[in-house]
Number of protein chains: 2
Amino acid sequence: MSVTIRDVARVSGFSIKTVSNVINGHPQLRPETRQRVQDAIDQLGYRPNLSARNLRSGRSGVIGLIIPDLTTAYFAELADAVMRKAAAKGLAVLIEPIGSGRDNELAALSGKHRHMVDGIIYNALTLNAGDAELLRSVDTPLVVLGDTSFNGRVDRITMANTAGARAATEHLLAVGRRRILALGAHEGEIIAAAELRLAGYRQAVEAAGLTFDPDLVHYADSWHRRGGAAVMAKLLDDGLKFDAVFAFNDTLALGAMRVLQEAGVRIPEDVAIVGFDDLDETRYSLPALSTVNPRRDEIAEAAVDTLLRRIEGGSELEAHEIETGFSLEIRQSSGPVLTGAAGANTAA
Amino acid sequence: MSVTIRDVARVSGFSIKTVSNVINGHPQLRPETRQRVQDAIDQLGYRPNLSARNLRSGRSGVIGLIIPDLTTAYFAELADAVMRKAAAKGLAVLIEPIGSGRDNELAALSGKHRHMVDGIIYNALTLNAGDAELLRSVDTPLVVLGDTSFNGRVDRITMANTAGARAATEHLLAVGRRRILALGAHEGEIIAAAELRLAGYRQAVEAAGLTFDPDLVHYADSWHRRGGAAVMAKLLDDGLKFDAVFAFNDTLALGAMRVLQEAGVRIPEDVAIVGFDDLDETRYSLPALSTVNPRRDEIAEAAVDTLLRRIEGGSELEAHEIETGFSLEIRQSSGPVLTGAAGANTAA
DNA sequence: CTGAAAGCGCTTACAG
DNA sequence: CTGAAAGCGCTTACAG
């Protein structure tokens, strides 16, 4: 039914081996041979059968991306970035949205998808250092996205949580703010990013010669719009005074901003706000939200490259840990107080 | 290296054929045989090699989902729904975000992903009736998501655009609104949904004995927050009077709502708003947005089922066209005017 | 540079 | 119910 390499061989008059060489870009072929084989391929509309190739090579050309869900903007944008980088390397991506919770996250590691992919990029939220053994026992090449350290035993890509948070806070200090709320801390929390971002905030405050004030640190159950709105509503009720907010992610910032505006607080005149993640929508909020850009492109590229290295190098290879860079996107929510169009200034 | 069916046969003492029968749930096997084979499978940790199975069967167990992008909330939620329904049928989903524009959309049909999937769910925005021939020429089973009619020649799933829009408008009329803006029309537009939703709006208005007023119909370049904000800003500038807005999608509605609130217009007291899509975030906006729920779950299920039917039935099968249902989610933005918690009432 | 042949792991007629 | 064997389409030593 379908055209095979054998048909191409027959039509072109060359052997199967030669046809295979042409398909796989083998260098030592005389141009004329290559051309005649290519003509036969075009004429027949031949396409290599990937199942056969994979069976032979032991590779599928597909990598898995395990994330909690696809409907959270952060993960959707991450998945998009990973797909682009993977496509550039000739790989397809199979996304597995696993839901939240440690049980789901661990179960995904033994899911059946594992057997159709060459490797996995794994973004779990509940991993801890004690899981290193478990992760190493997975027999599929694996790269972890996240902030938990496994002491160099697992390939891992992290973002600049502390440095980014520090830069965001320093920016707020630089534009003259002194009582900066830290929004999104987690008490005794499994989410390592919260701790790291709080550390960056604290570093900036103390480096500026100010005293770190625990009264300015506030918790949020969930890092979503609703969480940001709820916390901010409570703080306004309590009559807390502040002139800036550093929210640990963008959706918290957007939720908080919304409540502030409802209450008649002007942004950035009365309160300046900076978020973290650089979600697409931060460009379109009113005012546009300043934020830390964790360079998802860089994260995606590092993840794909590290995974490929692991796939090709095997389990004996030493584990890599890569921390990606960041940039601070200064927009209206913390920018100079004037009426003008939104502008995204980038500072490293 | 890896465990094969041959190893299971050897360890269990049965033939390869019998092992295969057990793996594939063949009914006529005595329980004891089944058990002993299963024990060997468990003991060895055997997992079928999917490439081999696919090579043999001509199936991959993977379907493709072609969408413009993954960062638009609507498509992310659609992809999520499709993955869930596919998983329930034992299928994995390979998402291909193709970018916008007709060139990209057509190019995707000949993309190489096509050869690793058993079938494709295709959500293109720029298709027209003249593309039926092209779609039929694709040799991979295909289901189209969208509103363009191909006269029964291509499998297709559509949503209740007109009925949903009519219900939304009727609801606004029922709560006493008379000058209802239709936001998101497209002039001479390729996006069929805009036309269908406008038709539903018009039907409702005329059925109520009112005159359809073209001055209340407004265009939006893009169905995004920014588009909704821009149009609404202009209308306020122009001093147009209205007491309700039916926006053709949720992001338009959210953008418009934002601008209205900035201008001191109370929602729903002064202006009631209803959107379309039932995005997750409509539950969390302030006020929560009333919207038409196009039942993405139903769309996803219909798409997966129709695709499976096509994969199994071949190209001779008559084309199916399925229109899914909808529900109207009445929330605060158009609800009774009182101060209370958000509540999502569902009315069919 | 090229050809004939083995084998990746599975499923499925075919024969018993 | 079970076994021996063919073959899905490809790549790759091996021999020339």
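Worth pointing out:
- The mean accessible area for residues of chain B, using a 1.4 Å probe and ignoring ligands and nucleic acids, is 45 Å² per residue.
- Summed over qualifying helices (DSSP H, 4 residues or more, each -39500 (n - 2.57)) and divided by its residue number, the protein assembly as shown shows a 222 nm mean residue ellipticity of -12500 deg cm²/dmol.
- Sorted largest first by accessible area at a 1.4 angstrom probe radius, with every protein chain in place, the residues B:186, A:224 fall in the order A:224, B:186.
- Label-to-label distance, nm, for residues given as residue B:128 and residue A:84 (7 Å Cα→Cβ offset): 3.1
- Pairs of Cα atoms farther than 24 Å apart, region A:5-146, %: 48
- Dipole size of chain B about its Cα centre, with +1 on Lys/Arg Cβ and -1 on Asp/Glu Cβ: approximately 1460 debye, rounded to the nearest 20.
- Tail fraction, Cα-Cα pairs, region B:5-48, threshold 14 Å, whole percent: 33
- Other protein chain C-beta atoms within 10 Å of residue C-beta, averaged over A:272-285: 2.
- 3J(HN,Hα) from dihedral phi, region B:142-152, Karplus parametrisation 6.51/-1.76/1.60, rounded to Hz, x for glycine, proline: 9, 10, 9, 9, x, 9, 6, 8, 10, 6, x
- Pairwise label distance in nanometres, residue A:270 with residue B:102, each label 7 Å out on the Cα-Cβ vector: 5.1
- Per the accessible-area calculation with a 1.4 Å probe, the total area buried between chain A and chain B rounds to 3300 Å².
- Sites residue B:47 and residue A:217 - FRET efficiency at Förster radius 41 Å, r taken between beta-carbons, to 0.05: 0.30
- Averaged over the residues of B:210-221, the number of partner chain Cβ atoms lying within 10 Å of the residue Cβ comes to 0.
- Dimensionless Rg ratio for the protein assembly as shown, taking C-alpha atoms and the 2.2 N^0.38 Å reference: 1.06
- Rounded, prolate or oblate (a/c below 1.5 giving rounded, otherwise prolate when a/b exceeds b/c) for region B:198-255 by Cα gyration tensor: oblate
- Residue (of B:332, B:127, B:106) at the positive-pole extreme of the protein assembly as shown, dipole from beta-carbon charges: B:106
- Check: region B:1-150 dipole with +1 on Lys, Arg Cβ and -1 on Asp, Glu Cβ, in debye: 1020
- Residue A:322 long-range amide H proximity, modeled H, under 5 Å: A:156, A:157, A:158
- Our summary of shape: the Cα atoms of region B:77-181 have principal axis extents of 55, 34, 26 Å, ordered from largest down, in whole angstrom.
- Rounded Å value of the spacing that divides the Cα centres of region B:209-284 and region B:89-107: 31
- Relative contact order (%) - chain B, alpha-carbon pairs under 8 angstrom, separation at least six: 15
- Unsatisfied cross-links (Cα-Cα over 32 Å) in the set A:89/B:17; B:85/B:234; B:17/B:89; A:85/B:17: A:89/B:17; B:85/B:234; A:85/B:17
- Assigned charges on the beta-carbon of Lys, Arg, Asp, Glu; region B:94-215 dipole about Cα centre (debye): 320
- When A:262, A:281, A:105, B:301 are compared by accessible area of protein heavy atoms, the largest-first order is A:262, B:301, A:281, A:105, using a 1.4 Å probe.
- Computed FRET value (nearest 0.05) for residue B:163 with residue A:2, which takes r as the C-beta separation and R₀ as 35 Å: 0.25
- Between the helical axis of A:161-174 and the longest alpha-carbon principal axis of chain A there is an angle of about 40 degrees.
- Across peptide B:85-92, the average count of Cβ atoms from other chains found within 10 Å of a residue's Cβ is 2.
- Positive-end residue, the protein assembly as shown charge dipole about Cα centroid, Cβ charges, pick of B:219, A:284, B:138: B:138
- Carbon/sulfur fraction of accessible area - region B:117-235, other protein chains in place, 1.4 Å, %: 50
- Rg over Rh [alpha-carbon atoms, Kirkwood Rh] for chain B: 1.11
- For region B:57-62, 3J(HN,Hα) per residue [Karplus equation, 6.51 cos²θ - 1.76 cosθ + 1.60, θ = phi - 60°, Hz, x = Gly/Pro]: 8, x, 10, 10, x, 10
- Ordering B:85, A:241, A:17 by accessible surface, largest first, gives A:241, A:17, B:85; the 1.4 Å probe counts only protein heavy atoms, with every chain in place.
- Compared with the dominant Cα axis of chain B, that is its longest principal axis, helix B:31-44 is turned about 80°.
The values are calculated or read from the model by the stated rules, or taken from the named source; none is laboratory data. No experiment lies behind these values; they were computed from the predicted model shown. Neighbour counts run over all protein chains shown; Cβ positions are idealised from the backbone, glycine included. Note: areas computed on protein heavy atoms with side chains; ligands, DNA, RNA excluded. Shrake-Rupley method; radii C 1.70, N 1.55, O 1.52, S 1.80 Å.
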